[in-house]
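Below is one structure; the comments refer to it alone.
The values are calculated or read from the model by the stated rules, or taken from the named source; none is laboratory data. Please read these numbers as outputs of a predicted model, since none were measured by experiment. Counting neighbours? That spans all protein chains shown, and the Cβs are built from the backbone with ideal geometry, glycine included. Note: areas computed on protein heavy atoms with side chains; ligands, DNA, RNA excluded. Shrake-Rupley method; radii C 1.70, N 1.55, O 1.52, S 1.80 Å.
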Amino acid sequence: MKLLLSIGGLVAGLCLMAGSSEAASFNCQSQLPPDMRMICDDPGLSAQDDQAAYLYNQLSRRVGPTGLAALQQQRIGFLRIRGACQMNRRCMRGAYDDQIQALQSMFRQHGYPAPGMAMTRPN
């Protein structure tokens with residue numbers, strides 16, 4: 001029983017450590033502006049960031065050069081909107097909701113079913 005509790009504690013500790021260093025699609029251990037730090041510190045925003053990054057990466061592998069250019073322009077617009085939110089969580093959540101919907105729509109526009117959330121972290 002003690003061994004089981006020790007292993008459980010070790011696994012929980014490793015999960016917490018992993019979550020704190022990669023809470024989003026960017027490295028949360030580096031120097032970050034306040035809005036990105038908020039994403040790292042908020043599990044909900046971090047999950048939205050992971051989903052948006054996953055969708056973006058999956059879509060970028062499927063579209064041709066024209067689609068990739070449009071995808072990159074769309075991402076630049078999203079990053080501007082996200083940055084304008086500064087430290088406003090409600091604004092940030094809305095920006096991510098809109099980004100995820102836009103990416104899912106782009107999947108459908110290119111004839112692909114929009115995937116759900118990935119079970120693994122995006123590369």
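Listing for the model above:
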item	result
Solvent-accessible heavy-atom area per residue, rounded to whole Å², over the range 39-114 at 1.4 Å	55 Å²
Accessible carbon and sulfur surface of the range 53-106 relative to its total accessible area, %, 1.4 Å	49 percent
Extension gain from Gln86 to Leu32, taking 0.36 nm per residue of separation minus the Cα-Cα distance	18.2 nm
Within-13-Å neighbourhood charge of Pro34 [Cβ basis; K, R +1; D, E -1]	0
